[in-house]
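Read the structure below first, then the notes.
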């Protein structure tokens, strides 16, 4: 992994300094029955603690070595273990790190951990090992987030994206933008600070504007790609709408390949939202089957219809299901009008009864939905490509990129208005700061706490 510049450890404040004066420990594997468990220790006393617990002197042991030892409580043997040593600074955290592989019973794992804590270590906070790695300059903030994303990845796309982040893809993406912006600011500062020197080139609005506008275009493209990517990574909230008995529940079951929704010939069977998740060629749909939308005096059915309309407001994709064996009804026309401004796909169901309409034709009851699934995959092809490229990976990163873009736009507007360069630099520096927040080079205490609190113990 590529490290960050040393300033990233200074900006955290003096309160962080004490963190490296203690030694932390946590169970790094699942707290459950298993063949082995791994307990991780990090800090200046890590090697001394394991020496005290085993009676085996590790003070001269080299890093990246594994040793057989016995954990003892007094004169009593507790467990036979393997001790892996990682010497600072060539470790995950940048500190001395010891990993103890013990037998994987819940009791024995917790017992070994309690002995480690009793020997002088403190229980690690969530994400504290990775936080120390960040503060030691072993990785930037986007790489740290990539580690957590990899742990929680639910599919191949999210896993690949996390691995790219872990390898420093976000930093590489941001580096040219940061360098270009630094150059612009530096040139302006030279002009402001040394106007009396003849050999200093005097910048003009006409020279700065093209560079600034290109910068805006570059970061805007990154943001668009990231937003497209997020749709695929998070799953597309997809609502299935239609009047009663057009085959919405049958379509949900066909997509899920299971009978999750009740299907009957009785209109209004679906009274509540029925949800499920399906993956189509790497594209995840978060499906919601809704109550049939029609005019009804049934109070319970009306509640279901209201929920359907509420789900529509949050939908990223709407699948409007129509009965292809019949002419469109007034309710169908109203539904088409209601969804015309949404991202939607209109499908005609019941092609097994000879559809009378042109368009995407399916038979949900016979699970013949290929035309629909192909249309969905084609619709989100660009987003799928974006998800497989190097891009920003979460809302925090995208948010700071948007701040940087907005600040640069304000700088451009100020230049057009003829403002003095020293005033323009205020907006330029805002853009620079926002950009560096993405990789944590200008981090804040509350930001770091919020990010690392989402990690699991031992990571």
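The values are calculated or read from the model by the stated rules, or taken from the named source; none is laboratory data. Bear in mind the structure is a predicted one, so any value in this text is a computation, not a measurement. Don't worry about glycine lacking a Cβ; one is built from the backbone with ideal geometry, like all the others, and counts go over all protein chains shown.
Summary table below
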| read-out | value |
| --- | --- |
| Residue count for segment 343-359, restricted to those that are at negative phi, crowded, with 16+ Cβ neighbours inside 10 Å and assigned to a loop (DSSP other than H, G, I, E, B) | 2 |
| Residue in segment 64-87 that is farthest from residue 137 (Cα to Cα), counting only those that are assigned to a loop (DSSP other than H, G, I, E, B) and modelled with pLDDT of 95 or more | 64 |
| Failed criterion for residue 134 (all others in (1) surrounded by fewer than 23 Cβ atoms within 10 Å (Cβ to Cβ); (2) touching a residue at least 40 places away in the same chain (Cβ under 8 Å); (3) in a helix (DSSP H, G or I); (4) in contact with a helix residue (DSSP H, G or I) (Cβ under 6 Å, 6 or more places away or on another chain) hold) | (1) |
| Single match in 373, 339 (criterion: closer than 19 Å to residue 280 by Cα and in contact with a strand residue (DSSP E or B) (Cβ under 7 Å, 6 or more places away or on another chain)) | 373 |
| Selection count, segment 39-69, where residues are surrounded by fewer than 20 Cβ atoms within 10 Å (Cβ to Cβ), under 18 Å from residue 79 (Cα atoms) and either under 35 Å from the mean Cα position of the chain (by Cα) or not assigned by TED's automatic domain parsing to the domain that holds residue 26 (or both) | 1 |
| The one condition in (1) touching a helix residue (DSSP H, G or I) at 6+ places or on another chain (Cβ under 8 Å); (2) at pLDDT 95 or above; (3) part of a helix (DSSP H, G or I) that residue 8 fails to fulfil | (2) |
| Hits in segment 89-104 (condition: touching a strand residue (DSSP E or B) at 6+ places or on another chain (Cβ under 8 Å) and either part of a helix (DSSP H, G or I) or more than 11 Å from residue 38 (Cα to Cα) (or both)) | 91, 92, 93, 95, 96, 97 |
